[in-house]
Each structure stands twice: as C-alpha cells, then as structure tokens.
1. Can you name the number of the only condition in (1) more than 17 Å from the chain's Cα centre (by Cα); (2) surrounded by fewer than 20 Cβ atoms within 10 Å (Cβ to Cβ); (3) not in a strand (DSSP E or B) that Y164 fails?
2. When the residues of the stretch 171-224 are filtered to those that are in a loop (DSSP other than H, G, I, E, B) and modelled with pLDDT of 75 or more, which remaining residue is surrounded by the most Cβ atoms within 10 Å (Cβ to Cβ)?
3. Quick one: would you say A346 is in a helix (DSSP H, G or I), surrounded by 11 or more Cβ atoms within 10 Å (Cβ to Cβ) and modelled with pLDDT of 70 or more?
4. Limited to the stretch 40-67, what total is found for residues that are farther than 24 Å from Y315 by Cα and surrounded by fewer than 18 Cβ atoms within 10 Å (Cβ to Cβ)?
5. Tell me, yes or no, whether the stretch 422-432 has at least one residue that is polar (S, T, N, Q) and closer than 21 Å to D460 by Cα.
6. Quick one: how many residues across the stretch 119-137 are assigned to a strand (DSSP E or B) and farther than 9 Å from E90 by Cβ?
7. Name the strands (runs of 3 or more DSSP E) wholly within the stretch 245-305 that hold at least 3 residues that are surrounded by 15 or more Cβ atoms within 10 Å (Cβ to Cβ) and among the polar types (S, T, N, Q)?
Amino acid sequence: MLLSGGAPNGLGWVGGPWRECSAGSALSSGYERGEVQMCHTVFPWHSNHRGELSAGQLLTWIDTTACLAAERHAGVSCVTASVDDIQIEETARVGQNICIKAKVNRAFNTSMEVGIKVEIEDPFTNLQKHVCAAFSTYVAKPAGSKKVFLKPVRLQSSQDHLEYSLAAERRRIRLYHEDAYNNLMEEGCTIYDAEWEKDQNKILTDSTRVESIELVLPPHANHQGNTFGGQIMAWMEIVANISASRLCHTHATLKSVDMFKFRGPSTVGDRLLFRAIVNNTFQKSVEVGVRVEAFNCEEWTQAKGRHINSAFLIYQALNSKGDYCMFPRVKASTKDSIRRFRGAIARRKIRVARKYIFSTKQERPVSHPWDKGNQAYLSYNNIAMLTVLAASTGWELSSTLPNIRIFTHEENDILSIKVEMQVKVQSQQAYFLLSDLGLRPNWDMHYLSCDVIETAGEDDKIFHITSPPVKQKIHL
C-alpha cells in the first residue's frame, strides 16, 4: 500500500501515483491529507474468463482502500454502511496496473463519506484511464458502548472544500432516495401490464433465480472479526452475474451498482445465503437484485436468517462482434416479482434523472424543470456548479462602481458574471441578511421582489424573483 502525494485539481485526483512521489513526499503530504492509495498489478488469478479484472476483485480492493482511509481519519475501527452509485467506465486487463485512491470527504457525527477513484495504467504505453468513482459511507465502531464522535476533516485545497460541500448534498440524496422511490411507486409511474403475462416471447424472471451458500471462514474476516465487506460484495456480484447470464445466455459484464446496503454484521462461522434474480430488462441492460441472509448454527436449523445485505446491480453483455446485446423482455408471475419489476422501473427513472441533471455536455439544456422527484439532484448540481465556478481562476475585472466590482469569466463559449459588493456591517447582521434570500430586496437594488412560492423541503425553497429592466438606471 502506498500513500498518495499527488495534488488534486478542479476535476479530482490526477496523475500516476506510482511515478509522482517518493515515500518521503507521500508521508509528508498525502498522509497528512488523509489520502490512502492502493496499487496492484492485475494477475491471471484476479481476472475473469476474458482476461479482465473481475468485478468482485475490484469491489474487494475498493472496500479495503476506503476502509483504510476511514480508519486513518477516525483512529478507530470502521464498518461499511453503504457504497453508492458505482459507474464502471473501463476494464483493467491482465498485466495492467490499477490504482485505487480514497479520501474522507466529510465527517458527520459518527459516520463519514469516503470518496474513491480508480484508474489503470498500461506499463508499456504509460496510458492512464479512469475506471470508476464511488462514494462509501463508513461508521466508526467504538471499542465499548460509548459512541465515537469524529473530528472534522482538514480542508487544504479548493477541491477539498468542494467535496466537503457536496458530501452533505450526497448525504441528502441518500436519505431522499427512499422517499423518491416510494413516491414513484405510489404515483403509478411503474405500472405493470398484466397482458404481458400472456406474451409467450417474454421470459419469466423466476427462471433467472440463483441461490448460493457460503461459509464464513477466518480468511473471509476483516481485522475486526466480522465478515469483510468487500468479500460479501464479491460474492454478491458472482450470483448476480450468474443470474444475468442465465437470461442472455452469454457472460454478462457489470456496468454499474445502484447501491450496496449493509444492514447488519456477520461473523466467522456464519452461513451466508445469497439470492439473486433479474428484476427487469431495459433493452441493452438488465437489473439484478441480490439479497443476503446470515445464519448461525441455531438460526440455520430453524431457517431464521438475518437480512444483512442488499444491492441492485446493472449488467450489459457483448456479442461476438463486440456490440452490446439486446436483452429479452421479461414478465413477472407472482406478486413479489411484480413488485420487483415495478421497483426496477422506479430506480431506473431515478438513475436517468440523476444522470441527465449531472451531465455537463453542451447539448444538454441549461435549465431543468423542478419536481419532487429530482429536487435533491438539482440542489446537488446547483451547489456543485456554483462552488466550482466560484473557485475558478481567470476572473477578469470588467467594471467598477463605488464599493462594487464586476468580473467576467469565459470558458467553452460560456460567459459567467460575478459581482462583489463591499459593505460595512456587523458580522451577525450580515449572516442574518444572507441566510434568508427573501430579505435580499432590502439590501440589493437589483432585486425588486423575492417571494417564496413553494417550500420544497427543510433546506430548499423555490423563489419568484423580479428585477428591474436591464436598461433602467439603478441608483446605488
């Protein structure tokens, strides 16, 4: 394991860590920032039948690195609570080098968010590619019954400040995800057409059901004595892959993970029962749900398991020409399979909305209509864009007025304007005026009115703002 000494830029960590820093510089920079870096060469025993790094091995390394970063910050043992929204963009092959970087973005009371970035490097060409990014939530595990309250993260760069701000928004999204899902289910946006059951060309989801049992042995345990979270994720990926492959009759490839949710622990000696089934297909992708139950000896004889993990994994498959296959349509035959079928549609709607809002491609519209289903993602995106813009360099002073300066910033055919105003006021009063947007007409002559038209949540409001005409002279 190496510790990163590379400096982050506005887009995240950059550079090849194994070539950038010596051990001394790593210990004096990356270590102090809480960054942890793990580097491996992909060998045949890490790979699948195609000579590519197996998804299970990748998940194992990700969880190990993230856990070490969490414990580096907390100073005590930590356990995985969840792993969010992994999007796998590139695959590593045998002989390539892989680097996993992890850093605590923000610490809350007893939990923290760890950001993970994975890159590969070809040793022959030195070409580096981005594999995936992920965000994990870890909880500090106290030695006794007393809770561990985490220290704040030390922010040293503009990127640190950005990730610190966005971590709170991502936390809101995690908490909001279940509400958004339930709203979609209740609003009838995921209707199941019973006529589909009569279609003989559709495949029953029950035909993709997979069950597998694993006995937790000492090599599967972490340094705390519990089953290693990365090992559980690797086992979950195996059964999910088999389920997807049964549907497409070829080897499936993991492309994204909606979320790994850790609900409870398991220990050495437990029997872990993995159940996987295809929930729904979406042309060239398929969602597989996985559920994990743990049994000790007594629970095993009584068939009373503990639900400890769940996840939804998205797969694609390649044909002989290297193109993505079209998955056959599926149909549900039971009440439970219909629920899973509809749930997959709801989760896909959330994923598509999130991806659409977060996209920075120029062909995307500048604004997005607000609704209850996307408010958390809009809030996250707005804060991210404004924070990045505020920290950008290259602002040019355009004009000045008494106590007012106007700056412009032009990049990629986008013109941004920043206005600074100097006032002499007590800090408490300044905070009071800035904390309520509705008070802005009292001190900003560019605002004629600013009225709340809808309260979207505890921290979010929608305002209707009116300003004077552009050509009207404003007396300051």
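The values are calculated or read from the model by the stated rules, or taken from the named source; none is laboratory data. In this text the structure is predicted, and so the values were computed from the model without any measurement. Counting neighbours? That spans all protein chains shown, and the Cβs are built from the backbone with ideal geometry, glycine included.
1. For Y164, the exception is condition (1).
2. Within the stretch 171-224, the subset in a loop (DSSP other than H, G, I, E, B) is 187-193, 199-202, 209, 216-217, 222-224.
Still in the list and also modelled with pLDDT of 75 or more: 202, 209, 216-217, 222-224.
Numbers: K202: 15, R209: 15, V216: 20, L217: 10, N222: 17, H223: 9, Q224: 15.
Ranking the qualifying residues of the stretch 171-224, first place goes to V216.
3. Details: in a helix (DSSP H, G or I): yes; surrounded by 11 or more Cβ atoms within 10 Å (Cβ to Cβ): yes; modelled with pLDDT of 70 or more: yes.
The answer is yes for A346.
4. Counting residues in the stretch 40-67 that are farther than 24 Å from Y315 by Cα and surrounded by fewer than 18 Cβ atoms within 10 Å (Cβ to Cβ) gives 2.
5. Within the stretch 422-432, the subset polar (S, T, N, Q) is 422, 426-429.
Then keep just the ones that are closer than 21 Å to D460 by Cα; that gives none.
Checking the stretch 422-432: not a single residue is polar (S, T, N, Q) and closer than 21 Å to D460 by Cα.
6. Going residue by residue through the stretch 119-137, those that are assigned to a strand (DSSP E or B) are 119-121, 128-137.
Checking which are farther than 9 Å from E90 by Cβ leaves us with 121, 128, 133-137.
Number of matching residues: 7.
7. Numbers: elements: 252-262, 271-282, 285-295.
The qualifying strands (runs of 3 or more DSSP E) are 271-282.
Here's the yes/no breakdown for (1) over 27 Å from M233 (Cβ atoms); (2) in the same structural domain as A276 (by TED's automatic domain parsing); (3) without any contact (Cβ under 8 Å) to a residue 12 or more places away in the chain:
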| position | (1), (2), (3) |
| --- | --- |
| V290 | no, yes, no |
| E293 | no, yes, no |
| T301 | yes, yes, yes |
| G305 | no, yes, no |
| N309 | no, yes, no |
| K321 | yes, yes, yes |
| F327 | no, yes, no |
| S333 | yes, yes, no |
| S337 | no, yes, no |
